[in-house]
1. Summarise the partner chain shielding of B:141-151 as one whole number: the mean count of Cβ atoms from other chains within 10 Å of each residue's Cβ.
2. Modelling each spin label as a point 7 Å along the Cα-to-Cβ direction, I'd like the B:Q92/A:D280 distance in nm, to one decimal.
3. Per residue of chain A, what 222 nm ellipticity follows from adding -39500 (n - 2.57) for every DSSP H run with n ≥ 4, rounded to the nearest 500?
4. So for segment A:182-265, taking the charge dipole from beta-carbon charges (+1 Lys/Arg, -1 Asp/Glu), which of A:L216, A:V248, A:N236 sits furthest toward the positive end?
5. Give me the net charge for the shell around B:A10: Cβ to Cβ below 14 angstrom, other residues only, Lys and Arg +1, Asp and Glu -1.
6. Around B:T138, with a cut-off of 10 angstrom between Cβ atoms, what is the net charge of the other residues, counting Lys and Arg +1 and Asp and Glu -1?
7. By the gyration tensor of its Cα atoms, with a ≥ b ≥ c the square roots of the eigenvalues, what is the shape of chain B: rounded for a/c under 1.5, prolate for a/b over b/c, or oblate?
8. Please state, rounded to one decimal and in Å, the Kirkwood hydrodynamic radius that segment A:122-277 gives when every pair of distinct Cα atoms enters the mean of 1/r.
There are 2 protein chains.
Amino acid sequence: MMPEPVAVDAMGGDHGPAETVAGAVLARRARGVPVVLVGRAGAIRAELARHDAVGEIDVVHAEQIVPMTERGAGAVSADQTSVAVGCDLVRQGAASAFVSAGSTGAVVSRAIRGLGRAEGVLRPALAVALPSVTGGATVLVDAGATADPTPEMVAQFALLGASYAQLVLGVADPSVGLLSIGSEPGKGNRLTRRTEGLLPGLPFRFHGNVEGHDVLAGTVDVIVTDGFTGNVVLKNVEGTVRAALAMVARAGVAGPEALREVAARYDPETHGGAALLGLDGTVVVAHGSSRARTVARACEVARDLAEGGVVTRVRDHLAVEPVR
Amino acid sequence: MMPEPVAVDAMGGDHGPAETVAGAVLARRARGVPVVLVGRAGAIRAELARHDAVGEIDVVHAEQIVPMTERGAGAVSADQTSVAVGCDLVRQGAASAFVSAGSTGAVVSRAIRGLGRAEGVLRPALAVALPSVTGGATVLVDAGATADPTPEMVAQFALLGASYAQLVLGVADPSVGLLSIGSEPGKGNRLTRRTEGLLPGLPFRFHGNVEGHDVLAGTVDVIVTDGFTGNVVLKNVEGTVRAALAMVARAGVAGPEALREVAARYDPETHGGAALLGLDGTVVVAHGSSRARTVARACEVARDLAEGGVVTRVRDHLAVEPVR
């Protein structure tokens, strides 16, 4: 059976259809990912023509565009945006996953409303793979979907993050650390102290508590936390890398050109974008500045997560209702 | 009236009495800060002799040393450590403040137990001045003293942070941002949503919500948050600067020598150390790697905070009990 295609939001991202369509073509031709493009049909077909790909990739028309400045639920309530139509395709089973380079906040809001939670999952979580100094990557989960989770939800996030590390990063037996403010057991806040006891015994190597300086140090494969702390950390990493490179540039020890290259290599989202896990359907948000290659990589990640059944472990180990 | 001296922990820090005693001498001679040294009298006098300062600076003997690896309340329960004796001097009114380059966790634990809270203050907060890309600094408060504060406590932390910005950084009319996961009002978790309403009307410019990327961007003078998030952010900044510079070094665009200089300039604690505010006495924790100049700067900060009455605004605006 041919797998359902990955739906790609042609209108999202800073560079518009030129890069998203090129990314979809690349995903299909170079990486064997079946895709369908969602957005303004005329604009999409014009871009497909430049790649000689009209007729090769299906197009689903959506009239409206979510502006990149949109961050919450505002304009997203419109049902004819490319984001809404893309999520609908996944809900209806016409697509296996949805990829967008649109505003993370807007895509996440719409996906949660449009797709609903997977059976057995309490709340969705956003997973981002951050490049670590050791050359590998660490999955940060939840990076912003659920701001006030219970300990049970955080334990589910850990399972989702471990599955992401296996399916996307290829880590056979991932280690998981609980983000806290001291590495000793019992250190932390009420949430971490209550979560600590739920993690041993789950199907991953529980490392214990990790701290803020472990995020990029490669200490563990997965760092699990609540969506408030995770989102603050994600944005803090981005801002701090920017600040540190600005300090280096100002000190005059390296040229801006060379530093731009380092900054690009460091962009957390180049490792596959932010994956919204735990919904009844897979959604991957690529960085707004994504070029074709990054969009193609996000399509591959979305396909792997969808095929791999990322929520299976949650159902097997921490389901909130018996599986029928 | 001669102000009470600042008590300096001679035994704390990676470099031992050599640097702490030199720092105390510098504080007194170059910056006019009266000081008293706490620790093993023999070792301290030997160092004082090298600066021809025996008899010029008083010494209070304390037999025990808190190891730098000590992070919690363990060995700190001993009453004869230089940390315990230093806190006692402040409690008895024999010192105006205590400065240590010992383990932050150990000093904070002991100070909270030994000094008690200032009248009207619900919980203490740790304030750290982080250098921002604009060349100024932003005060992060609470950086780790109170992991699970109520909204009222966070509002007090904001007042303490604003006082710190005035007294230590010389900012006449500080702006304060509430750390959250979206700049729009109402974005965040339960704690930030409940805290948001308490901040307007307090005696500082309330900027509204700020995000993780604002921490080093110079967006506001003070960023207020709970001690869990603040401690994760502080350690994440340190780890991310280290990781970014390692990436630059690996890319070969700048030599390790030049980068070490950038890293040193970036060390958050060089701006005065971490100040524990809201206790009945001022405590400043300098970085463990502090050299004499950093210790001297911490003494100056401690003196300014103690003289400035950092808790006055809390008593005036958000006291929990009527002032008698």
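1. 2
2. 7.1 nm
3. -13000 deg cm²/dmol
4. Checking the options against the dipole of segment A:182-265, the answer is A:N236.
5. In short, -2.
6. Charge balance in the 10 Å sphere: -2.
7. Judged from the Cα gyration tensor, chain B comes out oblate (a/c at least 1.5, b/c at or above a/b).
8. Mean inverse Cα-Cα distance, inverted, gives 15.8 Å.
Only the coordinates and a few stated rules stand behind these numbers; no lab work does. Keep in mind the model is a prediction, meaning the values are calculated, not measured. Glycine also receives a Cβ, built like all others from the backbone with ideal geometry; neighbour counts cover every protein chain displayed.
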